[in-house]
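To start, the structure itself, in structure tokens.
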Amino acid sequence: MTIAAIIVAAGRGTRAGGDLPKQWQDLNGLPVIARTIAALRPHVDQIAVVLHADDTARWTALGISVDHVVTGAATRDGSVRAGLDAFASAPPELVLIHDAARPLVSAQIITDVISALNSHQAAAPALPITDALWTGADGMVSGTQDRDGLYRAQTPQGFNYSAIVAAHAALSGPTTDDVAVARAAGIDVAIVAGETANIKITTADDFSRATKLLGADMDVRCGNGYDVHRFGDGDHVWLCGVQIPHGRSLQGHSDADVGMHAVTDAIYGALGMGDIGQHFPPSDPQWKGAASKIFLTHAVDLARAHGFVVSNVDCTLVCEYPKIGPHQAAMKSALATIMDIDADRISVKATTSERLGFTGREEGIAAIATTTLVKT
Ligand code: MG
């Protein structure tokens, strides 16, 4: 069974803004029409693209190869007929007719339409209307409309090739789409499930929706932090916001919370905005003995000010003693409170270094941390 696709790209729609018709505008690095062709290509044997005469140079510049490139007509019907004619010398069994401005069409919709053509001469995707419908006049609601049995039509609309060619040949006036052409010729059209993501890009708003649907507006940053503090005299250590009784204390300008410092530096790192030493210089006496909470709060606030939330933090403490296990839950909870995120987005774990190196000799504690920031 041979399946052809006609991608109708002859429209001049510039409601989306810009100088270019919408199908030629960029959608996350690729012209809309290029995305549409790429979506259809794996499912069909041949492709015809119907272009406006003014767009020949744009098409050539794309460098995309298809089986037929034809010039459209003044009406959509005429453009589709030009596309159908392209296959006349070697007619396919089925043809899918698709709007170039629907680049987000899914494989599911395309294969559903093709399967429905096993048992029907025509099939097309649609979504039942779920919003209430009104009539309106002069800016006022003038009545309501029953939405039962109403659908929003999408493409690709699929047909038995010779049936839709005959239907177009018999057409006497303008129509809205190829389903209308088929029905005018007495062809029954099966409805398959459409998808809300299969939007027709018409306005500038649609471009931002399409960008979101592509996940192209995701901005995810990863950062790492590393810190070491040496042991000195004392009777407790601060680790990840928890005070733990211990025979010695970590030395430092602040409270020497090595874990929290690593987490803080990971956040600065993800932002590409320096480190603790830069934001809170040790030479500045006001930070002497400071609670490290001040540093972490500053880093999180800085992230927020730049539109990021902390998605997760993973901190590893490297020491022989104190044992971290009994304090892990309290550490997660303390960090979660300071960062104002759920504790299940935070990991605090520990390892010894097998008695090797400065941590193994209990001269100090090291900490490494990784964080992910996500732009909201
Ligand atoms: Mg430090």
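The values are calculated or read from the model by the stated rules, or taken from the named source; none is laboratory data. In this text the structure is predicted, and so the values were computed from the model without any measurement. When we count neighbours, we look across all protein chains shown, and the Cβ atoms used for this are built from the backbone with ideal geometry, even at glycine.
Among the residues of the stretch 239-246, not a single one is of a type in the set (Val, Ile, Thr), assigned by TED's automatic domain parsing to the domain that holds residue 26 and either surrounded by fewer than 14 Cβ atoms within 10 Å (Cβ to Cβ) or out of contact with any Leu (no Cβ under 7 Å at 6 or more places or on another chain) (or both). In the stretch 248-262 there is at least one residue that is closer than 24 Å to residue 323 by Cα and more than 14 Å from the ligand (Cβ to nearest atom). Scanning the stretch 108-138 for residues that are touching a helix residue (DSSP H, G or I) at 6+ places or on another chain (Cβ under 7 Å) and surrounded by fewer than 15 Cβ atoms within 10 Å (Cβ to Cβ) gives a single hit, 111.
Of all residues in the stretch 289-298, one or more are surrounded by fewer than 18 Cβ atoms within 10 Å (Cβ to Cβ), closer than 18 Å to residue 221 by Cβ and within 16 Å of the ligand (Cβ to nearest atom). From the list 165, 228, the lone residue that is at pLDDT 95 or above, buried (at least 16 other Cβ atoms within 10 Å of the Cβ) and away from the ligand (no atom under 16 Å from the Cβ) is 165. Residue count for the stretch 331-376, restricted to those that are β-branched (Val, Ile, Thr) and more than 26 Å from the chain's Cα centre (by Cα): 8. Contact map, the stretch 240-269: first residue closer than 15 Å to residue 359 by Cβ, second residue part of a helix (DSSP H, G or I) and within 9 Å of the ligand (Cβ to nearest atom), Cβ cut-off under 7 Å, separation 6 or more or different chains; pairs are 250/258. The listed residues are 109, 97, and the only one of them that is within 34 Å of the chain's Cα centre (by Cα) and in a strand (DSSP E or B) turns out to be 97.
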